[in-house]
Structure formats: structure tokens, C-alpha cells
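To keep things clear, I will list the structure first and then write my remarks on it.
Here, each number is a calculation from the coordinates, and none is a lab measurement. All of these numbers come straight from a predicted model, not from anything done at the bench. All Cβ positions, glycine included, derive from the backbone under ideal geometry; neighbour counts span all protein chains shown.
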Amino acid sequence: MAKNTAEQQAEKISSGYTFEGGSITLGAALVDGQVHREAHVRLPLKMMNRHGLVAGATGTGKTITLQVMAEQLSTAGVPVFLADVKGDLTGLSTPGAASDKLLARTQSVGMDWQAASFPVGYYSLGGSGEGVPIRATVSSFGPVLLARIMELNETQESSLLLVFHYADQQDLELYDLRDLRAVIQHLVSDKGKGDLSGLGGMSKATAGVILRGLVTLEAKGMDQFFGEPEFDTTELLRVADDGRGVLSCLELPTLLQQPLVFSTFLIWLLADLFEELPEVGDADKPKLVFFLDEAHLLFKDASKAFMDSITTTVRLIRSKGVGVFFITQTPQDVPGDILGQLANRVQHALRAFTPDDAKALKATVSTFPTSDYDLEAALTQAGTGEAIVVVMNEQGAPTPVAWTRMWSPRSTMGASPAGTVAEVASASPLMQEYGTAVDRESAFEVLASRQQADAAPGPGTGDAEGGAPRQREDRGTRRPSQSRPPAQQANPIMDFALQAAGILGKEFMRGMFGTRRRRRR
Ligand SMILES: Nc1ncnc2c1ncn2[C@@H]1O[C@H](COP(=O)(O)OP(=O)(O)OP(=O)(O)O)[C@@H](O)[C@H]1O
Ligand SMILES: [Mg+2]
């Protein structure tokens, strides 16, 4: 069959990317090396919850692509979450500078470029930066994610599941690492042994490994990420007074030193949102778009429990109106079960230096629909800020493949001037709420006071078991453990682990990953 002429091909792309509802523009199509500035390549807002992938070798333009997408989503009133690994997204809150080079580029792709800044909320993990601190309680973080950052094996992971189950049953609040340590120490103490055997058991050796793991986490400074006030992930859904979506930017400058911990925190945010958000059905635009940078770290050496949870979360969160975009170097970094769910693809250039690169290139080509392009050539020749795009159209079918020269950001490419992040964050009302860590009564104090009561002779001792510390009145925002709403997703992993341990028929109220659902403020 004769190839379409360049004009016909550009025409086909132009009509293939024209949508009825709202959309964001990625750039203009290139055919035979020529830019067709009228042939805009767009992404329909309605299909953003079908998830996506932004891939490409280092320096090919992935981060700038995120910036271009985030800016337009904000303008369309859609809040966005971004993890900023290199500090090069802080430019979003400073208008960009016009240069001849930039304007020549934007004109060539049919973009009417105007400098603009965007409403940004800066966050940091546990206050290890200038942004508003994000903390999670140990309880809400849950055993599956905790096992991952402690690098526990599967036996140890299931023991940890049982410890959480016990704490839930006993209304022992696990806010920080100290609380978890107190519960484990209780379970291996003479007094707690009985409770432990009722649970199906945990060997002293396993308890020892977990306790040592907690010490390691503390030594790495992780204790500051756990505790209260716990971040309410629905803050990420904020819209500014002018109707633009807030861009929540989590600063992770040290992610690459502690990849497992930080990438697991990103999954906690996603899992927690999943538990918090209601179903929305088909909407004109997403409630939130979540960009997960350095996505290969998310899946590295993952346990089966973790992989199953993330695959299911990604599949189900769609119906809650959340779109998830993974950013990584090659599609092979993303496990097949997840890759298959990513309908919107922006593939920047790939390198083809080694035989492995060549294999990865062929594999990437095979994930695209057939087209008039020689994709192997296109994927190695695409210039900086160019990408091969295919998205899902409003009818749910793939658009024509389009070699695209991307639009450019209106805000600053790269970091904002020094001091900007601190200034924006300290002016945020969220700093009042989350700025300072608090330490409320929790498992550590409860177990300590029970021990004291046991040790103290005389009247009142017999009361210790059912005593005051176990009541929940003053426990703030927690949902009482028996009130899990029936609509909530059951958690196959926890159920399986508890069944395996012989704990059947007990009410179970943890969500995906064993994270815990909270009552909304
Ligand atoms: N759409 C674009 N418009 C203008 N310039 C661009 C565009 N895309 C990329 N660039 C230029 O290319 C540089 C590198 O892009 P970017 O930082 O997005 O690469 P990356 O793929 O994220 O790299 P890494 O993997 O190292 O993070 C940018 O700093 C910018 O100068
Ligand atoms: Mg980058």
C-alpha cells in the first residue's frame, strides 16, 4: 500500500486529535521532518484518567513535558500532583523569560506564548525541606508499605501484618515508629506472649529483625516522616480562588539517595487518596492528575503483595477521577500489568547504543499502533523536546501516532530563584496546620501506663486491662475501627495473610496496601 503523502498524514493527525470536549495541547505534528504548526496534538481532559506514560532517555525533555501538561491542566481547573526530584519544577511559580530562541520555537509549533506563573503548593517529606511537611502515621502507612521500606522478606512482612491487626483490634494507635516498637516489644514480652500465640504467632527472631529494622529507619532519619499531624491527601485536590488547579509540588531532592523510602511514600499518597475519594463515574475532566517521576524506582525489588496492590490501585483509581502518569526512561521500567493500563503515551527519544538498548527500542515500537512513520527511526531521531505520541480519543480508541514537537512552558524552565519555595510555603495556610509535629497519646504511652498500673500494688491494678487509656474519645479524627463502610474495597492481601495465619471471619478494616482509611475533617 502506498504511503500517505505528508499533507494527508498531517491532515489525518489534525483530525485525529480534534476533540469535542476540553483538551490540553502537547505540540504540533512533524511529518517528514517538517513541522505542521496547525496540526495540533492534544490530549482530551476526559481521558486523562486512563493514565499515561512519559518516557525517554535522559535530557530528552520529559520534565519539560510534565511542566507543559501541568500548566495547562491548572488553567483548565485541574489540580496536579508532581514529585520534583531534581528541583527543576519549582520554576512553575515564576513566569518564564522570553528569548528569541524560545519564541522561534513556540511560533513554529503554533503556540501563542505568554509568560505566566501558576498557583503552586510546595511540600516536603516530614519537613526535610522548605515546603509544608507531609507526615503519615504508621497506622495509616500500613504494613505492606512499611515492610517495603524496611526491606522485610515475605515471612517478616506477614508477621508485621499480624502486628497491625493486633494493634487495630486492641485500639492501640500506631502514630510513630515508637508506637510500633512498643507493640512489638509487648507481644514478645512475658505479658504479651498469650496475645501473640492467639494471633498465630511470630517468632522471637522475626520480632528481632523487625525491631532492628525500626532502629535502622530511625538512624536514617525516617522517624520524622511518621507521626502527626497526618497529611490529609485530599488537600491535593485544591483549586485556587481564580479557578485554576493548584500544582502540588513535593520536593524530593534526596530521593536518589533513599529511593525505596521516597518512592514508597509516593505510593502511600496514591493509596491514601484512593481510600479517601468517592467514585465519580465518567467526568469531563479529572479530579486530579498525579505524576510519578523516576517510576522505575517504584517497582524495583517489589514484593508480590506490593505489586498486586499497586496494579489494583492504578486500575481502580480511574473511577475516582484520578489520572496517574508514570515518568521513566523506557517503558520496560514499568511492569506489563501496569503498562497495559497506560493509554496516553508521550515517548521521547530512546538511545540505541547497546544490544540491550536495541532490544528495548524494538519492544517500545511494538507497543505502538501501526502508522506511516518508521518508528524505530523516529524514536532514535526525535530531537530534544520532541516525542512520539498516541493517546486515547474520546471514543476510547487510540489516536493516530504523531511525531510531535512539544509546546514550551510559560513559566520558568528549571528552578525558581532561591528563596521562592520557602516564601510560598511559609505563606500557605497549610503551614499552620501541618508545620509543627505533635505527639498525642498512642500505643507507646498506653502500653507504658498499663505496665505501670500492673507494677503498682493495691487497688486499681485489676482495672488496668480495660482502663482509661484504651478509650478513644480523645483520639481526634480517627474513624472507629468497626465502622468501615461496606462500599470500601476489601483488601485481598491482608485478607489472605490473615486467613493464612488462621484468623478467619474477623472484621477487617484496612484498605489496599493495608493503609487505613480516615474520617474526613
Ligand atoms: N518543549 C520544550 N521546549 C523548549 N525547550 C525544551 C523542551 N523540552 C526540552 N527542552 C530543553 O531540553 C532540556 C532538557 O529537558 P528535560 O529537563 O525535560 O529533560 P529530561 O528528559 O527530564 O531529562 P532527565 O532524564 O535528565 O531528567 C530543558 O532544560 C530545555 O532546555
Ligand atoms: Mg527530568
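Worth pointing out:
- Whichever lysines have a C-alpha closer than 29 Å to that of LYS101, once near sequence neighbours (fewer than 8 apart) are set aside: LYS62, LYS86
- Phi to ³J(HN,Hα) by Karplus 6.51 cos²θ - 1.76 cosθ + 1.60 over region 152-169, Hz, x for Gly, Pro: 7, 7, 5, 5, 5, 4, 6, 5, 5, 4, 5, 4, 5, 4, 4, 4, 4, 4
- Taking Lys and Arg as +1 and Asp and Glu as -1, the other residues whose beta-carbon sits under 11 Å from that of SER124 total -2.
- The chymotrypsin sites (Phe, Trp or Tyr not before Pro) of region 275-353 meeting both criteria, a DSSP state outside H, G, I, E and B (loop) and at most 14 other C-beta atoms within 10 angstrom of the site's C-beta, are PHE353.
- For the chain, DSSP calls about 45 percent of its internal beta bridges antiparallel.
- Across region 218-315, the convex hull enclosing all Cα atoms gives 141 Å³ per residue.
- Residue by residue, region 221-238 carries 3J(HN,Hα) couplings of x, 6, 4, 6, 7, 9, x, 10, x, 6, 5, 8, 5, 6, 4, 5, 8, 6 Hz when phi is fed to the Karplus relation 6.51 cos²θ - 1.76 cosθ + 1.60 (θ = phi - 60°); x denotes Gly or Pro.
- Residues whose amide H falls under 5 Å from that of GLY56, counting only those 5 or more places apart or on a different chain, are THR328, GLN329, THR330, HIS348, with hydrogens built in the peptide plane.
- The convex hull defined by the C-alpha atoms of region 1-148 has an orientation-averaged projected area of 13.2 nm².
- Taken over the chain, the ratio of Cα radius of gyration to 2.2 N^0.38 Å equals 1.06.
- Karplus 3J(HN,Hα) series, Hz, for region 60-72 with 6.51 cos²θ - 1.76 cosθ + 1.60 (x for Gly, Pro): 8, x, 4, 5, 5, 4, 4, 4, 4, 5, 4, 4, 6
- For region 365-428, averaging the sequence separation of C-alpha pairs within contact (under 8 Å, six or more residues apart) and dividing by the residue count gives a relative contact order of 25 percent.
- Gyration tensor verdict on region 168-250 (Cα atoms; rounded if a/c is under 1.5, prolate if a/b is larger than b/c, oblate otherwise): prolate
- Region 280-356 shape via C-alpha gyration tensor axes, a/c threshold 1.5: oblate
- The chain, helix-only ellipticity at 222 nm - DSSP H runs n ≥ 4, -39,500 (n - 2.57), divided by all residues, nearest 500: -10500 deg cm²/dmol
- Exposure proxy ranking, count of Cβ atoms within 10 Å, fewest first, for THR330, THR254: THR254, THR330
- Rounded is the label for region 316-417, because the ratio a/c of its alpha-carbon gyration tensor axes (a ≥ b ≥ c) stays below 1.5.
- With Cα atoms, 0 to 90° folded angle of helix 259-276 axis to the chain main axis: 80
- Mean separation of Cα contacts under 8 Å, 6 or more apart, over the residue count of the chain: relative contact order %: 28
- Averaging Cα coordinates gives a centre for region 8-26 and one for region 272-330; these two points are 27 Å apart.
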